[in-house]
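A.B. asks: Quick one: the structure is below, questions incoming.
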Amino acid sequence: MRLKTLTDHTGPVTTVAFSPDGKWFVTGAQDNTAILWNAASLTKEMVWNEQQGPVAATSFSPDSSLLAYSNDNSLIIRETKSWNRVREIPGGVGGYGNYVFTENGGLLADSHGNVWDVATGAHRISNRDRGGNWLALGPDGRRAIVIDAYGSLKTFDLLDLRSPLQTQPAHHDHGRAVDYSADGKSIASGSERVLLWDAKTMTRIAPLEYDSAVWSVAFSPDGRWLVSTHGDGAILIWDVTHRELEANLREHSGGVRSIAFSPDGKRLLSSSEDQSVILWNAESGQKESVLTSHHTRVGAVAFSPDGSWYVSADQSGYIVRHDLGRDEPRWIANAGRDFVCYFLAISPDRRFVATTFGIYSAETGATLLLDRNGWRGIYSGAFTNDGTRLVGVNDSGSIVVLDTRTWELVERQQWTTSPLVSMSLSPDGTQIVTGEDAKLIRLGTVNPLRQTAIVGQHSARVKAVAFSPDGKHVASAGDDKMVALWDVNRRKLVKTIGTHTSPIYALAFSPDGRRLMTGEHDRSVRQYTRRGSLWGFSLD
């Protein structure tokens, strides 16, 4: 999750580097300053502004004893015990490039083909033919790879000018980033896209496609993940083994399957086929955290009634409780792979969590009911306001009601022969609306349980329905890429909302009824806002 936003620079930040021991990080910016930060407290420790230009590159030595940073004119080296400046070397990487310490911090190389002796400042090597835009070193500290302005990769022995220089055409655009995996077996390069390479043979393994230019790449220490940053602001996490996009820290990278507002309307949850859950600030639209506890499609999310915690569930039957402000999950329950979760509901007293096949203790995650008493294959469900009943719809077209004191089946009604895939209870708990494969929106009462009307129809399967907070309207959406708003009392269409280019999987009204959020197959979470009237008509 986001820990803090640092706003001390007055110009765009151009470089960031963490010390290998994890105690510090340095930021450099176009405001001609470098700032040292305490990584534990996220507080500013020192500001250096002796540079005569923007700080373009920063780097720590492998033992964290030295820090180097530069601008167009000079390279400054500081020791990290007192942060005193120990050397200033004329020159710099200019507006692009990087520095790498080698030989246990005794040498410093840049991406333009230069190597210096750190102790004396002597220029050991200068070879522009081996220069480029970005430099990475293999685990041996000698094998180097550079990506150049033409998108080619150059490999050579950094410290031996007699070693052969091998050039490998790679990209169609300017080369911007390259990195070695920690074991030295793989290389990632970035330009118009990310490419993975076999480091030994320099043969291309696979492209990692994304539709925005690459600015940086970095392997995780264990080599399992690759992080890339892009021109549209995306931060992507790739699974190196499976060559798949695991998460997009800017937005979802797969269809959005579920969304839920917090009770106060200040936060929004979204879950996706990309196996992630994103917690959003619903008022600003900014992400607060990205959660990756799941390893299959996350089909459902729900906030607790007091908004202090939330639950997510996935395709493999895992249910995870997350407490706000806590990094690790409170608990993880596993119903098993045969129990795919399509929905989540939390009881008003916060004691129970209901899913497609089971009921769980909200406090511990213990299983209270699993695949019995009529509660199986439930596509959507909700607790009544008083918490005494749990209502669900299933793929046989039935409405199922359980008594929450005994978890016994108290009522079942067949409303249609078509699978019912979505439902919503009215705010006062007296009415139920359903959506189905047969494209219809059905309305009924809860007590007594009976179907009263067909409100309307879509041209394809209805995947989501939701009552407005005042109970006067129902929103519906599905595979026909349309969001419809229906008048409950008049049983008629009021308006279609927005323009959509893909199927819509999820709907949620904000608690005040002024916003409607949609989760869509095209990876988007979209907001529609009431301004005086709601989408062109009055709700009064």
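A.B. asks: Sort out for me the strands (runs of 3 or more DSSP E) sitting completely within the stretch 456-530 that have 2 or more residues that are closer than 22 Å to residue 381 by Cα.
C.D. replies: Because the criterion is at least 2 residues that are closer than 22 Å to residue 381 by Cα, the strands (runs of 3 or more DSSP E) in the stretch 456-530 that meet it are 462-467, 473-478, 483-487, 504-509, 515-520.
A.B. asks: Of all residues in the stretch 152-166, which are hydroxyl-bearing (Ser, Thr, Tyr) and either surrounded by 16 or more Cβ atoms within 10 Å (Cβ to Cβ) or within 36 Å of the chain's Cα centre (by Cα) (or both)?
C.D. replies: 152, 155
A.B. asks: Residue 189: of a type in the set (S, T, N, Q) and under 16 Å from residue 289 (Cα atoms), yes or no?
C.D. replies: no
A.B. asks: Just name the residue that is surrounded by the fewest Cβ atoms within 10 Å (Cβ to Cβ) out of those in the stretch 391-402 that are of a type outside the set (S, T, N, Q) and under 13 Å from residue 449 (Cβ atoms).
C.D. replies: Filtering first and then ranking leaves 401.
A.B. asks: Determine whether the stretch 32-46 contains at least one residue that is in contact (Cβ under 8 Å) with a residue 24 or more places away in the chain, part of a loop (DSSP other than H, G, I, E, B) and open to solvent by 60 Å² or more (accessible area, probe 1.4 Å).
C.D. replies: Looking for residues that are in contact (Cβ under 8 Å) with a residue 24 or more places away in the chain, part of a loop (DSSP other than H, G, I, E, B) and open to solvent by 60 Å² or more (accessible area, probe 1.4 Å), one finds none in the stretch 32-46, hence no.
A.B. asks: Can you tell me which residue within the stretch 50-65, out of those that are farther than 16 Å from residue 32 by Cα and open to solvent by 50 Å² or more (accessible area, probe 1.4 Å), is farthest from the chain's Cα centre (by Cα)?
C.D. replies: Once the filter is applied, the top-ranked residue is 63.
A.B. asks: So if I check each of 320, 277, which one is open to solvent by less than 20 Å² (accessible area, probe 1.4 Å) and in contact with a Pro (Cβ under 7 Å, 6 or more places away or on another chain)?
C.D. replies: Every option except 320 fails the conditions.
A.B. asks: Another one. Determine whether residue 289 is in a strand (DSSP E or B), in contact with a Lys or Arg (Cβ under 7 Å, 6 or more places away or on another chain) and not basic (Lys, Arg).
C.D. replies: Taking the combined requirement at face value, the residue satisfies it.
A.B. asks: What is the residue count in the stretch 13-39 for residues that are polar (S, T, N, Q) and at positive phi?
C.D. replies: Counting residues in the stretch 13-39 that are polar (S, T, N, Q) and at positive phi gives 1.
A.B. asks: How many residues are open to solvent by 50 Å² or more (accessible area, probe 1.4 Å), in a strand (DSSP E or B) and not β-branched (Val, Ile, Thr) if we restrict to the stretch 213-244?
C.D. replies: Total satisfying the criteria: 3.
A.B. asks: Right, here's the next one. Across the stretch 294-317, what is the number of residues that are buried (at least 17 other Cβ atoms within 10 Å of the Cβ) and more than 19 Å from residue 263 (Cβ to Cβ)?
C.D. replies: Of the residues in that region, 9 qualify.
A.B. asks: Search the stretch 330-347 for residues being more than 12 Å from residue 319 (Cβ to Cβ) and surrounded by fewer than 17 Cβ atoms within 10 Å (Cβ to Cβ), and hand back the single one that is modelled with the lowest pLDDT.
C.D. replies: This residue is 337.
A.B. asks: For the list (1) open to solvent by 50 Å² or more (accessible area, probe 1.4 Å); (2) basic (Lys, Arg); (3) on the phi < 0 side of the Ramachandran plot, I need the number of the one condition that residue 439 fails.
C.D. replies: Failing condition for residue 439: (3).
A.B. asks: For the stretch 112-146: of the residues being of a type in the set (D, E, K, R) and part of a strand (DSSP E or B), which is modelled with the highest pLDDT?
C.D. replies: Result: 143.
A.B. asks: Something else: Taking residue 459 as the residue in question, decide whether it is small (Gly, Ala, Ser), buried (at least 19 other Cβ atoms within 10 Å of the Cβ) and touching a residue at least 12 places away in the same chain (Cβ under 8 Å).
C.D. replies: The answer is no for residue 459.
A.B. asks: So, in the stretch 348-390, how many residues would count as being among the hydrophobic types (A, V, I, L, M, F, W, C) and open to solvent by less than 10 Å² (accessible area, probe 1.4 Å)?
C.D. replies: Within the stretch 348-390, residues that are among the hydrophobic types (A, V, I, L, M, F, W, C) and open to solvent by less than 10 Å² (accessible area, probe 1.4 Å) number 8.
A.B. asks: How many residues, within the stretch 255-273, are farther than 17 Å from residue 510 by Cβ, open to solvent by 10 Å² or more (accessible area, probe 1.4 Å) and touching a residue at least 60 places away in the same chain (Cβ under 8 Å)?
C.D. replies: Count: 1.
A.B. asks: While we're looking at this one, here's another question. With respect to residue 144, determine if the residue is open to solvent by 40 Å² or more (accessible area, probe 1.4 Å) and not hydroxyl-bearing (Ser, Thr, Tyr).
C.D. replies: no
A.B. asks: Consider residue 323 against the criteria (1) closer than 16 Å to residue 364 by Cα; (2) charged (D, E, K, R); (3) in contact (Cβ under 8 Å) with a residue 40 or more places away in the chain: it satisfies all of them except one. Which criterion is unmet?
C.D. replies: Status for residue 323: all satisfied but (3).
A.B. asks: What pairs can you find where one residue is in the stretch 73-99 and closer than 15 Å to residue 134 by Cβ and free of Cβ contacts under 8 Å to residues at least 40 places away in the same chain, the other is hydroxyl-bearing (Ser, Thr, Tyr) and open to solvent by less than 20 Å² (accessible area, probe 1.4 Å), and their Cβ atoms are less than 8 Å apart, with a gap of 6+ or different chains?
C.D. replies: Listed pairs, sorted by first residue: 93/70; 93/99; 93/111.
A.B. asks: Of everything in the stretch 66-77 that's buried (at least 21 other Cβ atoms within 10 Å of the Cβ) and not aliphatic (A, V, I, L, M), which residue is modelled with the highest pLDDT?
C.D. replies: Result: 69.
A.B. asks: Suppose we keep only residues that are part of a strand (DSSP E or B) and surrounded by fewer than 19 Cβ atoms within 10 Å (Cβ to Cβ) within the stretch 202-212. Which one would you say is nearest to the chain's Cα centre (by Cα)?
C.D. replies: Among residues in the stretch 202-212 that are part of a strand (DSSP E or B) and surrounded by fewer than 19 Cβ atoms within 10 Å (Cβ to Cβ), the one nearest to the chain's Cα centre (by Cα) is 207.
A.B. asks: Among what's in the stretch 147-164 and is in contact (Cβ under 8 Å) with a residue 24 or more places away in the chain and part of a strand (DSSP E or B), pick the residue that is nearest to residue 72 (Cα to Cα).
C.D. replies: Checking each candidate, the answer is 147.
A.B. asks: Out of the stretch 93-111, which residues are at pLDDT below 85 and closer than 20 Å to residue 178 by Cα?
C.D. replies: Result: 93, 94, 95, 96.
A.B. asks: Let me ask you something else. What is the number of the single condition among (1) among the aliphatic types (A, V, I, L, M); (2) open to solvent by 10 Å² or more (accessible area, probe 1.4 Å); (3) touching a residue at least 60 places away in the same chain (Cβ under 8 Å) that residue 199 does not meet?
C.D. replies: (2)
A.B. asks: Looking only at the stretch 493-526, filter to residues that are in contact (Cβ under 8 Å) with a residue 40 or more places away in the chain, open to solvent by 30 Å² or more (accessible area, probe 1.4 Å) and within 18 Å of the chain's Cα centre (by Cα); which one of those is nearest to residue 462 (Cα to Cα)?
C.D. replies: Step by step, filter the stretch 493-526, then rank; the result is 521.
The values are calculated or read from the model by the stated rules, or taken from the named source; none is laboratory data. What you see is a predicted model, and the numbers here were worked out from it, not measured in a lab. Note that we place each Cβ from the backbone using ideal geometry, even for glycine, and neighbour counts take in every protein chain shown. For the accessible areas, the whole protein counts, side chains as well, though only heavy atoms, and no ligand, DNA or RNA atoms are used. Shrake-Rupley method; radii C 1.70, N 1.55, O 1.52, S 1.80 Å.
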